[in-house]
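Colleague: Could you have a look at this structure, given as structure tokens, before my questions?
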Amino acid sequence: MSFGVVCAPGQRYHPALIAQATATLMEMFPHRFWVSLGSGQLLNEGITGESWPVKADRNERLLESVQVIRALWTGEAVIHHGSFDVEEATLYSRPAEHPLLIGAAITPETAEWMGSWSDGLITISRPHDELHKVVEAFHRGGGGEGKPMYLKVQLSYARTEDEARQGAWEQWRTNIFGSHVLSDLRTPAHFDALAKYVKPEDLAGHVRILSEPERHLDWLQKDIELGFAHIYLHNVKSHRP
């Protein structure tokens, strides 16, 4: 079984340390491990106390991180000064095969940009037309065509749709906002404050709410037809008796 991690290099995690950790995991689990890199969210990265860059600067930092990580994986001695600093870093233990470096994107704009440098794409589920735009953008991005695509599906399954919708609202209403909002909120209290205005019916399109497995299979078939070969199911509903 393959497995992977998603992280944001450059602020909370130094890219050289990510290169070393991922190389070790690939040595331990050859042909099974992948890593996804994104530009991050303030909720996670803000603990360092550093200023939070705007999206364009975060993307620039991410691309610098990718270049440093790839160079370290190949055995180069890396010196880098930019969004972060690296001084004569070298990995002395490296896997025979590099992990796939998957780009994490939510918007079509980010997906298109990542198509030029990533080994694949990971994104989240949403209505079919919106997801199709992300896939098309990734394929346009100077090399995205033919690369593997991963999808994380948010769903809420229960005996009735009302129960599934209520469970989704209880557990996931703080996560339905646009990426430009989610990336810039600093604390859980900020998420909770916004979520006060979210109604259960607002979850439609953000979480697949269902009580019939056949309907879920129809959704998954459409995901497969879009080209997603790796699909991860996340049941957000609370586990109540």
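Colleague: For the range 161-189, name all the residues that are surrounded by fewer than 15 Cβ atoms within 10 Å (Cβ to Cβ), in contact (Cβ under 8 Å) with a residue 24 or more places away in the chain and among the β-branched types (Val, Ile, Thr).
Modeller: Residue satisfying the conditions is THR187 alone.
Colleague: Restricting to the range 141-167, name every residue that is under 20 Å from the mean Cα position of the chain (by Cα) and among the hydrophobic types (A, V, I, L, M, F, W, C).
Modeller: MET149, LEU151, VAL153, LEU155, listed by residue number.
Colleague: Continuing with this model, one more query. Looking at ALA137, is it touching a helix residue (DSSP H, G or I) at 6+ places or on another chain (Cβ under 6 Å) and under 25 Å from ILE47 (Cα atoms)?
Modeller: On the way: touching a helix residue (DSSP H, G or I) at 6+ places or on another chain (Cβ under 6 Å): yes; under 25 Å from ILE47 (Cα atoms): no.
So ALA137 fails the test.
Colleague: Take THR107 and tell me if it is over 27 Å from GLY178 (Cβ atoms) and either surrounded by 16 or more Cβ atoms within 10 Å (Cβ to Cβ) or in contact with a helix residue (DSSP H, G or I) (Cβ under 8 Å, 6 or more places away or on another chain) (or both).
Modeller: no
Colleague: Please enumerate the residues belonging to the range 83-97 that are farther than 18 Å from ARG12 by Cβ and surrounded by fewer than 18 Cβ atoms within 10 Å (Cβ to Cβ).
Modeller: Of everything in the range 83-97, those that are farther than 18 Å from ARG12 by Cβ and surrounded by fewer than 18 Cβ atoms within 10 Å (Cβ to Cβ) turn out to be GLU87, GLU88, THR90, TYR92, SER93, ALA96, GLU97.
Colleague: If you don't mind, another one. Could you grab me the full set of residues in the range 8-40 that are surrounded by fewer than 17 Cβ atoms within 10 Å (Cβ to Cβ) and either in contact (Cβ under 8 Å) with a residue 12 or more places away in the chain or among the aromatic types (Phe, Trp, Tyr) (or both)? Explain how you work it out, then say what you get.
Modeller: Quick first cut of the range 8-40, residues surrounded by fewer than 17 Cβ atoms within 10 Å (Cβ to Cβ) only: 12, 17, 21, 24, 27-32.
Answer for the range 8-40, where residues must be surrounded by fewer than 17 Cβ atoms within 10 Å (Cβ to Cβ) and either in contact (Cβ under 8 Å) with a residue 12 or more places away in the chain or among the aromatic types (Phe, Trp, Tyr) (or both): ARG12, THR24, GLU27, PHE29, PRO30, HIS31, ARG32.
Colleague: Specify the residue that is surrounded by the fewest Cβ atoms within 10 Å (Cβ to Cβ); the eligible residues are those in the range 43-82 that are under 14 Å from GLN11 (Cβ atoms) and of a type in the set (Lys, Arg).
Modeller: It comes out as LYS55.
Colleague: Which helices (runs of 4 or more DSSP H) does the range 161-225 wholly contain that include 2 or more residues that are closer than 30 Å to ALA56 by Cβ, out of contact with any Leu (no Cβ under 8 Å at 6 or more places or on another chain) and of a type outside the set (D, E, K, R)? Talk me through it step by step, then tell me what you get.
Modeller: Details: elements: 161-172, 179-182, 188-195.
By residue number, 179-182, 188-195.
Colleague: Report, by residue number, each residue of the range 99-154 that is out of contact with any Lys or Arg (no Cβ under 6 Å at 6 or more places or on another chain), without any contact (Cβ under 8 Å) to a residue 40 or more places away in the chain, β-branched (Val, Ile, Thr) and part of a strand (DSSP E or B).
Modeller: Passing the criteria: only THR123.
Colleague: May I pose another question? Select from the range 124-160 the residues that are surrounded by 18 or more Cβ atoms within 10 Å (Cβ to Cβ), more than 16 Å from HIS230 (Cα to Cα) and of a type in the set (Ser, Thr, Tyr) and list them in ascending order.
Modeller: Within the range 124-160, SER156, TYR157 meet the criteria.
Colleague: Continuing with the same structure: Please determine, by comparing only the residues of the range 190-241 that are of a type in the set (Asp, Glu) and under 12 Å from ASN175 (Cα atoms), which one is surrounded by the fewest Cβ atoms within 10 Å (Cβ to Cβ). Step through it out loud before you land on a result.
Modeller: Our first condition is that a residue be of a type in the set (Asp, Glu); within the range 190-241, this holds for 192, 201-202, 212, 214, 218, 223, 225.
In the following step, the residues that additionally are under 12 Å from ASN175 (Cα atoms) were identified as 192, 202.
Working: ASP192: 11, ASP202: 15.
The selected residue is ASP192.
Conditions (1) more than 17 Å from the chain's Cα centre (by Cα); (2) at pLDDT 95 or above; (3) within 18 Å of HIS128 (Cβ to Cβ), marked per residue:
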| position | (1), (2), (3) |
| --- | --- |
| SER179 | no, no, no |
| LEU194 | yes, no, no |
| GLU201 | yes, no, no |
| ARG208 | yes, yes, yes |
| HIS216 | yes, no, yes |
| LYS222 | yes, yes, yes |
| VAL236 | no, no, no |
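The values are calculated or read from the model by the stated rules, or taken from the named source; none is laboratory data. Because the structure is a prediction, the values reported are computed rather than measured. We place every Cβ from the backbone using ideal geometry, glycine too, and count neighbours over all the protein chains shown.
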